[in-house]
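Written out below as structure tokens is the structure these notes cover.
Bear in mind that the values in this text are calculations on the coordinates, not laboratory data. A quick note: this is a predicted structure, and the numbers were derived from the prediction, not measured. Glycine also receives a Cβ, built like all others from the backbone with ideal geometry; neighbour counts cover every protein chain displayed.
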Amino acid sequence: MQRQMRGALEMSAAMVISGTIGWFVIRSGQPLADLLFWRCAFGALTLVAVCAALGLLRRRLLTLRVVALAALGGAALVLNWLLIFASFSHASISIATAVYNTQPFMLVGLGALFFSERLTAVKLAWLGIAFAGVLLIAEAKPGGGSHGASYVLGILMALGAAFFYAIAAIVAKQLDGTPPHLIALVQVCVGSVLLAPFANLAELPKNAGVWGTHLAMGVVYTGLVFTLLYGAIQKLPTHMAGALSFIYPVVAIGVDYLAFGQRLHPAQLLGAAAILLAAAGMTLGWTLPGLKKRAPSAPD
């Protein structure tokens with residue numbers, strides 16, 4: 001019980017910190033390529049220290065297959081970060097975060113496409129509710145002074161970010177048995193290499209505040225959050241980890257309201273609620289009235 005309580009606290013802390021990242025990115029005022037490069041670089045240094053402390057820096061754990069798959073996941077993660085952070089300035093943190101929570105449905109779709117996983121009536125029903133939520137948000141009046149085209153672009157970016165997150169999750173699933181902290185280390189190392197050509201490394205920041213921003217992104221929002229998250233997942237049952245993950249969008253929407261005065265219009269609010277409800281239903285295995293989960297067939 002004590003182990004589970006510690007896991008719940010770690011997961012909650014990771015989600016609360018993650019929920020403030022949109023505010024941090026916007027307030028930093030840094031170019032995305034620079035911000036993400038240093039996030040990966042300082043995140044890698046932090047995760048090297050964590051992996052060394054956990055005794056994970058062993059050659060037998062880093063096979064060619066592990067490195068190749070983790071690198072593929074790292075590329076997907078970088079695209080995920082680029083798209084979700086860029087979407088904040090187009091569709092607001094609240095809307096982008098709500099749409100981003102279509103991730104479970106991207107995972108289900110990819111699972112059905114590549115791994116022949118069965119789509120049940122319940123899953124399709126939740127998917128329909130989430131899709132209706134996205135349509136409500138897309139059709140709603142843009143907030144925060146955004147223009148219609150920019151608003152729709154932000155929604156599409158958030159959907160793209162969710163897709164690439166699902167790709168990274170699918171790849172990580174193929175690395176079952178590999179310590180997740182080690183996977184994250186390879187991913188951020190790959191991210192540093194991919195982002196280096198686009199970052200302004202010719203003129204390094206001279207302002208201590210800018211370095212503080214980059215350190216916070218790497219050490220706190222990457223190294224610390226990944227360590228808390230993966231430590232929690234190892235201690236918690238799946239349903240509890242899934243439930244606690246919804247702290248993130250709630251905090252993000254609250255921060256957007258408090259920091260930027262972002263108020264959702266009724267249609268946006270309804271759409272966001274539909275997406276989050278459907279994502280919770282899918283993640284936690286809820287059923288819907290009139291629909292039953294099909295019991296798995298008995299083995300021959």
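For the peptides 130-137, 93-100, the ranking by packing is 93-100, 130-137, with the highest mean count of neighbouring Cβ atoms within 10 Å listed first. If only the Cβ of Lys and Arg carry +1 and only the Cβ of Asp and Glu carry -1, the dipole of region 2-284 around its Cα centre is close to 580 debye.
Across the chain, the relative contact order, built from alpha-carbon pairs under 8 Å that are at least six residues apart, equals 42 percent.
Grab the chain and count how many Lys pairs have their alpha-carbon atoms under 28 Å apart, sequence gap of 8 or more, or different chains.
Details: Lys123/Lys173; Lys123/Lys235; Lys123/Lys292; Lys123/Lys293; Lys173/Lys235; Lys173/Lys292; Lys173/Lys293; Lys235/Lys293.
Pairs that pass both the separation and distance tests number 8.
The Cα atoms of the chain define a convex hull whose projected area, averaged across directions, is 18.4 nm². Counted as membrane-span-like here are DSSP H helices of the chain whose alpha-carbon atoms extend 18 Å or more along the helix's own axis and whose Kyte-Doolittle mean is 0.0 or above; these are 2-19, 32-53, 64-100, 121-139, 148-173, 180-195, 247-260, 266-284.
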